2 protein chains.
Amino acid sequence: MDLTPAVEKYVLHWGEMGTRWGTNRTVAQIQALLYLSPRPLRADEIVDLLSVARSNVSTSIRELQSYGLVKMTHMLGDRRDYFECLSDVWELFRVILEQRKQRELNPTLSMLRDVAVEVGDESETDPVTKERIQNMLQFVESTSDWYEKIQGVPTPTLQKLMKLGTGITKALPSKK
Amino acid sequence: MDLTPAVEKYVLHWGEMGTRWGTNRTVAQIQALLYLSPRPLRADEIVDLLSVARSNVSTSIRELQSYGLVKMTHMLGDRRDYFECLSDVWELFRVILEQRKQRELNPTLSMLRDVAVEVGDESETDPVTKERIQNMLQFVESTSDWYEKIQGVPTPTLQKLMKLGTGITKALPSKK
DNA sequence: CTCTTATTTCAGTCTTGACAGAAATTTAGG
DNA sequence: CCTAAATTTCTGTCAAGACTGAAATAAGAG
């Protein structure tokens, strides 16, 4: 079995993008492959399709499982592990948002809180600097809150929100 | 001149985060330093404060300028270049959003459009696969549209939107 | 309990990209 | 023009981490 040209293109591109945003190429390629696959795949099938080492597939799948993106299934009378990916894009979106929050926002938030306190004791620090730190802290806090709220929004509502985009703003000013 | 402990902590952390999201450590450190600095800095001052090579500062500033995050200024009677960073966090936000769109969304969008066409000619591709590609394409298109709309929203409105978060959804269902 | 097959862990290799330092170029003043 | 200061470009080195292949472990079947 082999990838069709279009699917191969998708998988390769996804792999490249993966490196741009936190994971490595293989992890992203496997996710793409499983997403496009109409049925769960075994590790050894992935090895063949992507031409990567068996061990690499093993660790990559582990990573995907830890994100909640991939789950294991089994076939009757076959003890090998089969893997499948979340197939709903909006579910994917939520998982990725959560990952980003954990890896990018949370550490920064805790650093900013620390620094905001520490800088209070530094008389040699310019007031402008202190203010900038405060501003950044508040911004990251808002963003973090926003991420959390979005997690809980059901898919159809999210879709509407996105479609609307800034349309909402027209309904806003009156609310102050 | 030297960094205070709090400022140093901020700059170092920011540098690490920078690697997590597309640029390198030095670029992010310089951005942090300029953001916190109450006045524009010269390249050689940055060299001293961060202990990096002059050449490194030069290329990093170029990168920041290309993003529109840093601009050059001058002092009367001093021909050396001074640099300062956007200091409004919401402006920063917009610039970063734009960068992310260009580096992550746009290439993927064009790949997906290509693939969606190409896969149409592949009779050996499973219908489920074709549907998944369509779904992803639509999702990325929505996201891309949303990014663009957000770019144009004035800061106070953005702030309100974020604060509201999902509060908006309560006003939604009736609108269908 | 042993053999076979599937999976994971681990150590070494290789690739990528950041960074320093030197060389080249640009720019303003004399 | 020529000189000196500032800046940029370029090349080699180094470090981080992705990936492979081998060795170790686990888990069913007979």
Which three extents, in whole angstrom, do the alpha-carbon atoms of the protein assembly as shown cover along their principal axes, largest first? 77, 52, 36
In nm, to one decimal, how far is the A:M1 label point from the A:R54 one, both placed 7 Å along Cα→Cβ? 1.8 nm
Degrees between helix B:5-20 axis and first principal axis of chain B (Cα, 0 to 90, nearest 10): 30 degrees
What does the copy distance list look like for B:S55, label position 7 Å along Cα→Cβ, in nm and ordered from shortest? 3.6
Shortest first, in nm, what separates the label point of B:Q138 from those of the same position in the other copies (7 Å along Cα→Cβ)? 4.1
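Is there a simple number for the mean count of other chain Cβ atoms within 10 Å of the Cβ of residues in B:117-127, and what is it? All intermediate terms of the calculation are to be shown ahead of the outcome.
Working: counts 1, 6, 7, 1, 3, 4, 1, 3, 7, 6, 1.
Rounded to a whole number, the mean comes out at 4.
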Shortest-first distances to equivalent copies, position B:T73, nm, label 7 Å out along Cβ: 6.1
What nm distance separates the two modelled labels at B:R80 and B:S66, each placed 7 Å from Cα along Cα→Cβ? 2.6 nm
Surface accessible to a 1.4 Å probe, A:L164 within the full protein complex, Å²: 60 Å²
Partner chain coverage, peptide B:82-88 - average Cβ within 10 angstrom: 1
At a Cα cut-off below 13 Å, give the aspartates and glutamates reachable from A:K101, other chains included and same-chain residues fewer than 8 away excluded. A:E141, A:D145, A:E148
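Can you give the FRET efficiency for A:R113 and B:R100, using 1/(1 + (r/R0)^6), R0 = 30 Å, r = Cβ-Cβ distance, to the nearest 0.05? Kindly include the intermediate steps, with their values, before the conclusion.
Working: r = 25 Å, r/R0 = 0.83.
After rounding to 0.05, the efficiency reads 0.75.
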Rounded D (µm²/s) - chain B, Kirkwood Rh over Cα pairs, Stokes-Einstein at 10 °C, 1.306 mPa s: 81 µm²/s
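Quick check on the protein assembly as shown: helices-only [θ] at 222 nm, where DSSP H runs of length 4 and up contribute -39,500 (n - 2.57) each and the sum goes over total residues. Nearest 500, please. Could you put the intermediate results ahead of the total?
On the way: 16 runs with 220 residues, N = 352.
The per-residue figure over the protein assembly as shown is -20000 deg cm²/dmol.
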How far apart, in nm, are the 7 Å Cα→Cβ label points at B:D44 and B:D126? 6.6 nm
Additional length obtainable on full extension of the chain from A:T155 to A:T73, 0.36 nm per residue less Cα span: 27.0 nm
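The values are calculated or read from the model by the stated rules, or taken from the named source; none is laboratory data. Everything quoted here is computed from the prediction, not taken from an experiment. FYI the Cβ positions are ideal-geometry reconstructions off the backbone, even for glycines, and counts take in every protein chain you see. Heads up: the accessible areas ignore ligands, DNA and RNA and are worked out on the full protein's heavy atoms, side chains in. Shrake-Rupley method; radii C 1.70, N 1.55, O 1.52, S 1.80 Å.
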